[in-house]
1. Calculated from DSSP H runs of 4 or more alone, at -39500 (n - 2.57) each and per residue, what is the 222 nm mean residue ellipticity of the chain, nearest 500?
2. What do you get for trypsin sites (Lys or Arg not before Pro) in the stretch 46-88 restricted to DSSP loop and a cutoff of at most 12 other Cβ within 10 Å of the site's Cβ?
3. Find how much the distance from E64 to L40 grows on full extension, using 0.36 nm per residue of separation minus their present alpha carbon separation; answer in nm with one decimal.
4. Would you indicate which of [x] 42, 28, 16; [y] 72, 44, 38; [z] 32, 30, 24 is the value of Cα extents along the principal axes in Å derived from the coordinates of this structure?
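Read-outs throughout are calculated quantities, based only on the coordinates presented, and are distinct from any laboratory measurement. Note that this is a predicted model, so its numbers are computed, not measured. Positions of Cβ are generated from backbone atoms using ideal geometry, with glycine treated the same way; all protein chains shown enter the neighbour counts.
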Amino acid sequence: PITPGELLCLGSSLAFSGLFYYIHRKKARVVSRIQEAPKLQVDDDLPALVSAAEGRCLPYVALEGIVLPARAALTSHYHEGLQGVIQKLLLREHRLIWNSLAQCW
């Protein structure tokens, strides 16, 4: 004999398992798209390639080449001789609408 509490626990466990499996599969597809991204060299042909792409945007690409820091290169505290630079950040603000019921934007 199975009690209603056990059925509830079983059902919620199956629902959460299905939800987490769905999220896992969705993220796995994104990871596979990133791993299959074309590798492009940073050279004079790159601006023409970007402007020829649909929407002037390349969704997933791996850029290979030498970059120069704007000020000073960042050095790693954990790996000696490893340096890096910070990518120029792009901030895109979404349109804000005042919600008078919740008193927030």
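1. Rounded to the nearest 500, the figure is -12500 deg cm²/dmol.
2. R71, K88
3. Taking E64 through L40 to full extension adds about 8.0 nm, to one decimal.
4. Here the calculated entry is [y].
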